[in-house]
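Asker: Below is a structure I'd like to ask you about.
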Amino acid sequence: MAVAVKAESGRVLGILLVFLFSSCQSLFSGGDSYKREVTMQLIPNPSSPPPGGELLHARAVGGNDTLHFLFCSQGAPSLLIVHTNSSSSTVKVNWPQFVNRSTSGGLTVEPESSILYSSAVVFSRLLEYDDENNTAEATSNFFPAYELKDFSWNLMNLSHPKALLCGSAPHSSNGSLCLQLSVFGTEGRAELWPRLLHSANSSQVEVWLSGLLPRSNTSRFMLELQAVGGAYPLSKVDVRQFIDDEYAPSIFKVSQWVSSVNNSSDVLGFIQWKPVAYRRSRPSLEDATPCRHSDPQAQSGNATTASSALVKAFYTDPKVMGMNVSFGIAGDPFYNRTMFLSWTMLVGVGSPPVDSFSPMVIGILMAGLGIPIVLLLVGGVYVFIRKMRESSETSYQPIN
Amino acid sequence: MADFQERRTLLGDDDECSFAGRPEARGPGRPMAAICDPSHLLHRVVVLVFMCFLGFGSYFCYDNPAALQTQVIQDLNLNTAKFMQLYAWYSWPNVILCFLGGFLIDRVFGIRLGTIIFSLFVCIGQVIFAAGAWGNRFWLMEVGRFVFGIGGESLAVAQNTYAVNWFKGKELNLVFGLQLSMARLGSTVNMNIMGWVYSEVASAVGSSGYTTLGISLMIAAGTCVFSLMCALVLGFLDKRAERILHKEQGKTGEVIKLTDVKDFSLALWLIFIICVFYYVAIFPFIGQGQVFFIEKFNFSPAQARAVNSIVYIISAPASPILGFIVDKTGRNVGWVLTAVIATLGAHMMLAFTFWNPWIAMSLLGLSYSLLACALWPMVAFVVPEHQLGTAYGFMQSIQNLGLAVIAIAVGLIVDLRGYLVLEVFFCACICIAMMAVVALYFVDYLKGGDLNRSAAARAKLQKETSPDSETKMQPSMMTQGEHARLAPMSAFGLRNRYLSRLGAQLPDHCSTHLSSLAHRSVLK
């Protein structure tokens, strides 16, 4: 038995060591300690109120680089990220040119040579389809799409470091589509699920649809996203399995739409999300609904520049990839059950953040595996000592 | 379903036969047909069929929520915490009833009336449960599960009492084995058929929803009605046999004295800890396993139900085989430690890998069967015979308490923290069980190592101490507790006696009336 126990303890010890190692690794590598100073302001427009929409500028200044986040409601809502290698780079806006949308150059980042990477995401359309057969396969039965560039967008509501933009469909006051941008100075997670891990190199956009009247009782929705880049647009979506679902219960995947140079493993920028949407404003497990995405497809840059003033102003020759995110799978409740859908994504530069186990999980495992082993060792030593003492005390042998 | 039809016709036939047999019985001189003669094997086989199906309904319906987890949650708009309440409500009454089941059967109702009453509880409970679903009243469903729980566990005791009463002697082990297989069959069939029933009802009704769920559960209640009919027929046949053979009504022989608790040894308390913390990582996990497999491993609902039921399927053949191995080798503590470590491995696989869950669930099924074979008999080693009833009652009571509490905790954890934390929680429970096993090993070692002795050493000891066991027949100055320690002979006999609960193959003379104490939780 003693041998068996030893062999078993050896095995357990092996497992423990693996865990110790992996947890240390995750503790060190997962902890992205890079910090940025975040400031957020609306770029003043000489004509007030601004025609067509506002432009928000969030500056995240690091040690020797700056991230510029530009969030614009002129046309379809768009978010532009520009990464520069200088901590003093600035954004210049030529308002007449910006509003005019005839030529690019209405928005520039100076000095231009400092730009390392730029990428934009345009929330172009909201699609609604009638899912009579409850298959969640959006092939036909589409209602006319909501063009988000035609929405009437309210003024942005700033509460540092967040900006909230809500709009409603034209000729309708019922319901709204809101986008909330958060820019971060440090690593962390949001309060509400899906609690994506963000770093100082990413921003979070939460999109929610609230109270918009569906055009049928069996309506489901899709959101069309367009990723815009200069040389390297976001080209492919990786779906990674991840064993830790503690921040978004029952979701074991993370999807990331990345841009890479010639299919190398270096990632320049990303959009990351968990394939889940929530049907209530307070997310909970029973209100989670899975999301799916289509394969990104190249689209014409002209349509995008026509819908987004920001893209037109910054990019001369934009490369555009489009993708749909559809909410709900076969059998899930339809939109009209709660009249609410929310979905969250990260937009950032560099590699997407990699999640790791929480200290609680690691702690429980360490204690759970460690205590029996300690018990085994202490008990073994005690028994051994006792046996030694006994054998030294009893000096006689039984006769038979 | 075809099987049911067959049984029903069998039942009909038998009724006719029995009624025909009654006047014959009055005429003492006339010989009876073999199938109607209570002392004949053929008649007992017919009785056995009813006996096996007596528990079928309750086993079938116990895991109804697990089999229809996605539907229950969606149709009634529940969260996991509320869903798991359905399991908790089943366990609550049994915290008390584990002590009372035997008493009620022996002293209050008698085996026949008791069985019918418990079957009625099961039946009515399931009907209330289904009605609650039909009317979209969740509280009513909880009431239904509570009533169902009152009947379910005690029915298992009644079933075993019948088995002992009719098959004392030769065939008893086989009968226990069959009943065990029947229990597994009920659980497995439920897991794999309820989804199909639901979809059929849904297509008949026109849409899914709580009405469909209610109707499906009502159909499931048919198995309980069927079991109730078995109880009635059994009662009739038993009464008839009593009249013809002048035999006594069956008794559980359960004696429970709560004051015995103060005499329980440290080793017994450690066994209790192992029992509670081990089983809470099995049953609540199976209870909500379906959605876990769907969400994490992208299984279809049918696949998820199948993999969820593999634990039951494996344990049916594995229990007798492993029981035999444990019996031949001894070293129970070592086997328990092996089982606990294997279970920990299985849960870790489910928690930290995306490996096909068939691997982990099969391992879970094996280790769970091994633990049952090695753990439950150990109680008989550390408790004197007259306290065994109390010890087992107490063990099952706290096991049910643990199951109820953990079922609620499991639901909350899934809702708030997700499945990884849930699996880590189960691992932690198993680790606590493991600590108790390690502690038990040392406690036992310091006491002389009864529990972990090999079978050969036990046999040797038994031979050496056989004069002692003869003196035991005479009034002794020693207390019963000392006796149990000094007379391994009796412990050995008792261990065999309790092995029979698990459907293990035993020498025929080793089974006694006490085997009937087994509750559902033991048999599972």
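The values are calculated or read from the model by the stated rules, or taken from the named source; none is laboratory data. What you are looking at is a predicted structure, and each value in this text was computed from that prediction instead of being measured. Methodologically, a virtual Cβ is constructed for each residue, glycine included, from the backbone with ideal geometry; neighbour enumeration extends over all protein chains shown.
Asker: Would you say A:GLU132 is touching a residue at least 24 places away in the same chain (Cβ under 8 Å), in the same structural domain as A:SER235 (by TED's automatic domain parsing) and over 23 Å from A:PRO170 (Cβ atoms)?
Answerer: For A:GLU132, the condition - touching a residue at least 24 places away in the same chain (Cβ under 8 Å), in the same structural domain as A:SER235 (by TED's automatic domain parsing) and over 23 Å from A:PRO170 (Cβ atoms) - is met.
Asker: Right, B:LEU363: at pLDDT 95 or above, out of contact with any strand residue (DSSP E or B) (no Cβ under 9 Å at 6 or more places or on another chain) and surrounded by fewer than 21 Cβ atoms within 10 Å (Cβ to Cβ) or not?
Answerer: Against the criterion (at pLDDT 95 or above, out of contact with any strand residue (DSSP E or B) (no Cβ under 9 Å at 6 or more places or on another chain) and surrounded by fewer than 21 Cβ atoms within 10 Å (Cβ to Cβ)), B:LEU363 qualifies.
Asker: What number of residues within the range A:303-318 satisfy the criterion of being surrounded by fewer than 18 Cβ atoms within 10 Å (Cβ to Cβ) and under 16 Å from A:ALA231 (Cα atoms)?
Answerer: Residues that pass the stated criteria total 2.
Asker: Can I ask one more? Of all residues in the range B:416-455, which are over 22 Å from A:LYS387 (Cβ atoms) and in contact with a strand residue (DSSP E or B) (Cβ under 8 Å, 6 or more places away or on another chain)?
Answerer: B:ALA455
Asker: Condition first: aromatic (Phe, Trp, Tyr) and either touching a Lys or Arg at 6+ places or on another chain (Cβ under 7 Å) or surrounded by fewer than 24 Cβ atoms within 10 Å (Cβ to Cβ) (or both). Now tell me which residues in the range B:108-132 satisfy that.
Answerer: Scanning the range B:108-132 gives B:PHE109, B:PHE121, B:PHE129.
Asker: Kindly check whether there is at least one residue in the range B:327-344 that is β-branched (Val, Ile, Thr) and assigned to a loop (DSSP other than H, G, I, E, B).
Answerer: no
Asker: Shifting gears a bit: Quick one: which strands (runs of 3 or more DSSP E) lie wholly within the range A:241-288 and hold at least 1 residues that are within 14 Å of another protein chain (Cβ to nearest Cβ), under 25 Å from B:ILE73 (Cα atoms) and hydroxyl-bearing (Ser, Thr, Tyr)?
Answerer: Output list reads A:276-278.
Asker: Name the residue, out of B:ILE117, B:ILE124, B:ILE128, B:ILE96, that is touching a residue at least 60 places away in the same chain (Cβ under 8 Å), of a type in the set (Val, Ile, Thr) and at negative phi.
Answerer: None of the others qualify; the one that does is B:ILE96.
Asker: Within the range B:285-334, how many residues turn out to be within 25 Å of B:LEU268 (Cβ to Cβ), within 14 Å of chain A (Cβ to nearest Cβ) and surrounded by 23 or more Cβ atoms within 10 Å (Cβ to Cβ)?
Answerer: 2
Asker: All but one of (1) buried (at least 23 other Cβ atoms within 10 Å of the Cβ); (2) closer than 25 Å to B:LEU370 by Cα; (3) modelled with pLDDT of 80 or more hold for B:GLY411; state the number of the condition that does not hold.
Answerer: (2) is the only condition that B:GLY411 fails.
Asker: A further question follows. Under the condition of being in a strand (DSSP E or B) and of a type in the set (S, T, N, Q), which residue from the range A:340-363 is farthest from A:ARG189 (Cα to Cα)?
Answerer: In this case the residue turns out to be A:SER342.
Asker: Right, here's the next one. If you check A:ASP317, A:ASP287, A:ASP295, which single one turns out to be among the charged types (D, E, K, R) and closer than 26 Å to A:HIS68 by Cα?
Answerer: Answer to the check: A:ASP317.
Asker: Does B:ILE413 count as away from chain A (no Cβ under 14 Å), touching a residue at least 12 places away in the same chain (Cβ under 8 Å) and farther than 30 Å from B:ASP450 by Cβ?
Answerer: no
Asker: Yes or no: B:VAL421 part of a helix (DSSP H, G or I), surrounded by fewer than 24 Cβ atoms within 10 Å (Cβ to Cβ) and more than 7 Å from every other protein chain (Cβ to nearest Cβ)?
Answerer: no
Asker: Out of the range A:216-240, which residues are β-branched (Val, Ile, Thr) and away from chain B (no Cβ under 14 Å)? Steps first, answer last, please.
Answerer: Of the residues in the range A:216-240, the ones β-branched (Val, Ile, Thr) are A:218, A:228, A:237, A:239.
A:VAL228, A:VAL237 - these are the residues of the range A:216-240 that are β-branched (Val, Ile, Thr) and away from chain B (no Cβ under 14 Å).
Asker: Also, quick follow-up: Mind checking which residues of the range A:133-161 are buried (at least 19 other Cβ atoms within 10 Å of the Cβ) and in contact with an Asp or Glu (Cβ under 9 Å, 6 or more places away or on another chain)?
Answerer: The first filter runs over the range A:133-161 and keeps only residues buried (at least 19 other Cβ atoms within 10 Å of the Cβ), leaving A:136, A:138, A:146, A:148-149, A:151, A:153, A:156.
Selection gives A:ALA136, A:ALA138, A:TYR146, A:LEU148, A:TRP153, A:MET156.
Asker: From (1) hydrophobic (A, V, I, L, M, F, W, C); (2) away from chain A (no Cβ under 14 Å); (3) crowded, with 24+ Cβ neighbours inside 10 Å, pick out the condition that doesn't hold for B:TRP358.
Answerer: (3)
Asker: I've got another one for you. Answer yes or no: is there a residue in the range B:156-176 that is of a type in the set (Gly, Ala, Ser), more than 30 Å from B:ASP37 (Cβ to Cβ) and assigned to a helix (DSSP H, G or I).
Answerer: No: the range B:156-176 contains no residue that is of a type in the set (Gly, Ala, Ser), more than 30 Å from B:ASP37 (Cβ to Cβ) and assigned to a helix (DSSP H, G or I).
Asker: Mind listing just one residue for me: the one in the range B:171-218 that is within 22 Å of the chain's Cα centre (by Cα) and charged (D, E, K, R) and, of those, farthest from B:ILE321 (Cα to Cα)?
Answerer: B:GLU171
Asker: If you check every pair at least six apart or on different chains, which have Cβ atoms under 6 Å apart with a residue in the range B:323-348 that is at pLDDT 95 or above first and a residue that is among the polar types (S, T, N, Q) and outside any helix (DSSP H, G or I) second?
Answerer: Close Cβ pairs (under 6 Å, with a partner that is among the polar types (S, T, N, Q) and outside any helix (DSSP H, G or I)) do not exist here.
Asker: Going by the conditions given, is B:LEU76 over 28 Å from B:MET395 (Cα atoms) and within 14 Å of another protein chain (Cβ to nearest Cβ)?
Answerer: yes
Residue-wise test of (1) surrounded by fewer than 18 Cβ atoms within 10 Å (Cβ to Cβ); (2) touching a helix residue (DSSP H, G or I) at 6+ places or on another chain (Cβ under 9 Å).
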residue	(1), (2)
A:LEU197	no, yes
A:SER202	no, no
A:VAL207	no, no
A:SER210	yes, no
A:GLY229	no, no
A:ASP238	yes, no
A:PRO249	no, yes
A:SER259	no, no
A:PRO275	no, no
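Asker: Follow-up. Checking the conditions here, which among B:LEU180, B:LEU185 is modelled with pLDDT under 90 and either buried (at least 22 other Cβ atoms within 10 Å of the Cβ) or farther than 21 Å from B:VAL47 by Cα (or both)?
Answerer: B:LEU180
Asker: Scan the range B:425-445 and report the pairs whose first residue is under 13 Å from B:PHE272 (Cβ atoms) and at the interface with chain A (Cβ under 7 Å from one of its Cβ atoms) and whose second residue is crowded, with 22+ Cβ neighbours inside 10 Å and not small (Gly, Ala, Ser), with Cβ atoms within less than 7 Å and a gap of 6+ or a chain change.
Answerer: Matching pairs, first to second residue: B:ALA439/B:LEU270.
Asker: While we're looking at this one, here's another question. Which one of A:THR304, A:THR344 is assigned by TED's automatic domain parsing to the domain that holds A:TYR232 and in contact with a Ser or Thr (Cβ under 9 Å, 6 or more places away or on another chain)? Spell out how you get there, then give the answer.
Answerer: Details: A:THR344 fails: in contact with a Ser or Thr (Cβ under 9 Å, 6 or more places away or on another chain).
When all the criteria are applied, what remains is A:THR304.
Asker: Name the single residue, out of those in the range A:289-307 being over 17 Å from the mean Cα position of the chain (by Cα) and part of a strand (DSSP E or B), that is nearest to the other protein chains (Cβ to nearest Cβ).
Answerer: A:GLN297
Asker: List every residue pair whose Cβ atoms sit under 7 Å apart, with the two residues 6 or more apart in sequence or on different chains, where the first one lies in the range A:176-193 and is free of Cβ contacts under 8 Å to residues at least 40 places away in the same chain and part of a strand (DSSP E or B) and the second, anywhere, is surrounded by 16 or more Cβ atoms within 10 Å (Cβ to Cβ) and aromatic (Phe, Trp, Tyr).
Answerer: A:CYS178/A:TRP208
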